[in-house]
Amino acid sequence: MLNTLAHRKVFNLAIPMLLSSISVPLFGLVDTAILGHLDTPDYLAAVAVGASVVSFLLWAFGFLRMGTTSLAARAFGANELDKLKLLLGQSLVLALGIGLLIVLLSPLLVPLAVNLMQNDQALGGLSKEYIHIRLLAAPAVLLSYGIIGWFIGLQNTRVPLYMAISANAVNIVGDVILVLWLDMGSRGAAIASLFGDLTNLSIGLYFCFRQLQQHFPAGGFTLAALAQAGPYKELLQVNKHLFVRTLILLGSLSFFTAQGAAQGPLILAANAILLQLVHLASYALDGFAHATEALVGKAVGQKSPELFKQACLSTGCWSVLVALFISALFYLAQSPLIALFSDDPLLRQQVEIYYSWVLLLPIVSATCYFLDGVFIGTAHTFDMEITMILSSFAVFLPLWWLSQGYANHGLWLSFCAFNGARGFFLALMFCYRQRNNWGMSK
């Protein structure tokens, strides 16, 4: 049985992360709602494509968050303060380099990505403009990934909360001013997001400097240390598997968006609304996944199987309960949620037709989100790569091909099965690793 202390640890970590995580899609819901109430669904459709491309290009490097959390949590558990300090510097150096490279290559990447997503020339022009503006913040976004991962590893989830709330508050104010008042459409939404990303980094850097000054010894963060290639080996080893895994995940999500676009702007816009709700659920579940990463990583650092067991049981149980609560909330609030997004009766009708998939997805996806946290915390990232490959190429794509006769329902069915398969394959790997006690001494 779990004691009260175990649950308290989970909530102390999970609640700030849950609040910061859901603030992202909540303000994304505001973006979608504002654009959905404009005279044409073209802006919403263009942002749906543009946001998908931006997510692919930036979150493809989400390993900067996940890999940093994994190594920081284990170093924190082992009380290796110099290593923690150096790890922050390494993550920021990698993030800055990759972010600048994305900005330099964006003139080549953006047209190719948009043309792969959809063929409508008018929407394509709006999508390209949106993406070019958003990618100016690539260095800031990737630097924020490293900072957030480092603080989660330190079991300080309040800083990511402050970052998310500040950034998204700037974003929503920008949406109101630029989209509603100045009538700038998707361009205004992109500029608002750009300012939000810059705010996110500014808040994160402030807390980094404060944390380093107050709690870390001198040394370990010198330019000479950061210039050495050797210390990056462990970080790159963990990150390479996360990179492939994340690329496949984002490729699957982009494929989903592209197939919706192939069915017309109305289906694309309806799927964009439904995906906002899916993202809201996934970000809420991510709050407990992040808590799992921190607690499991610390247990591995301390080589404590008992702490590992407590972390898995507590976060796993709460992940399932939260998923059930989200599905029930979506069911009870169906009508007002749909009305929030659009006044267009045809668009609202399409959303209603496919709404049942939104109710099912949180329950189906709970296991994969929780186990992602376990495998990130233990740094068994190769297992995540393999299970993602199987889920995408052995489940998602074949099922989509077989269910094309069901149009958008078939697309949602394959997406739902994809998330269920991720949890199933990760559960098999969990059982295998548990037999070997995850490399910890018994």
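Results, tabulated for the structure shown:
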item	result
Pairwise label distance in nanometres, residue 325 with residue 101, each label 7 Å out on the Cα-Cβ vector	4.1 nm
Dipole moment magnitude, nearest 20 debye, the chain about Cα centre, only Lys, Arg, Asp, Glu C-beta charged	1640 debye
Crossing angle, helix 63-77 versus the chain [Cα axis fit, 0-90 degrees, rounded to tens]	30 degrees
Between 0 and 90°, nearest 10: helix 355-378 axis offset from the chain longest Cα axis	20 degrees
Rounded accessible area per residue of region 259-303, 1.4 Å, Å²	25 Å²
Segment residue 78-residue 112, length gained on full extension (0.36 nm per residue, minus Cα span)	7.7 nm
Helix-derived mean residue ellipticity, 222 nm - over the chain, DSSP H n ≥ 4, -39500 (n - 2.57), to 500	-29000 deg cm²/dmol
Top of 312, 208, 431 by mean-square fluctuation, Gaussian network on the chain, Cα under 10 Å	431
GNM result for the chain, Cα springs below 10 Å: residue of 80, 293, 306 fluctuating most strongly	306
Proximal lysines relative to residue 303, as straight alpha-carbon distance under 21 Å, when same-chain residues fewer than 8 apart are discounted	9, 83, 442
Protein accessible area in the chain, 1.4 Å probe - carbon and sulfur %	67 percent
Candidates 51, 95, 294: whichever shows maximal mean-square fluctuation once the chain is modelled as a Gaussian network with Cα springs under 10 Å	51
Heavy atoms of residue 159 accessible to a 1.4 Å probe, total area in Å² rounded to 10	10 Å²
Where region 313-398 is the region considered: accessible area per residue in Å², 1.4 Å probe	42 Å²
Region 58-201, Rg to Rh (Cα coordinates; Rh as Kirkwood inverse mean 1/r)	1.06
Debye log10 I(q)/I(0) at q = 0.10, 0.13 Å⁻¹ for the chain, Cα point scatterers	-0.68, -1.19
Span from the region 326-375 Cα centroid across to the region 150-206 one, whole angstrom	24 Å
Linear extension gain, residue 216 paired with residue 306, 0.36 nm per residue minus alpha-carbon span	29.5 nm
Spin-label model distance (nm) - residue 406 vs residue 317, 7 Å beyond Cα toward Cβ	3.5 nm
Among 300, 100, 17 the positive-end extreme of the charge dipole of the chain (Cβ point charges)	300
Geometric extent, Cα atoms of region 374-442 - Rg, Dmax (angstrom)	15.1, 53
Selection from 125, 182, 159, by position along the positive dipole direction of region 120-187 (Cβ)	159
Pair residue 165, residue 181: separation of 7 Å Cα→Cβ label points (nm)	2.4 nm
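The values are calculated or read from the model by the stated rules, or taken from the named source; none is laboratory data. These figures come from a predicted structure and were not determined experimentally. Reconstructed Cβ throughout: ideal geometry from the backbone, glycine too, with neighbour counts over all protein chains shown. The protein model used for the area step is the full one, side chains on, heavy atoms only, and it has no ligands, DNA or RNA in it. Shrake-Rupley method; radii C 1.70, N 1.55, O 1.52, S 1.80 Å.
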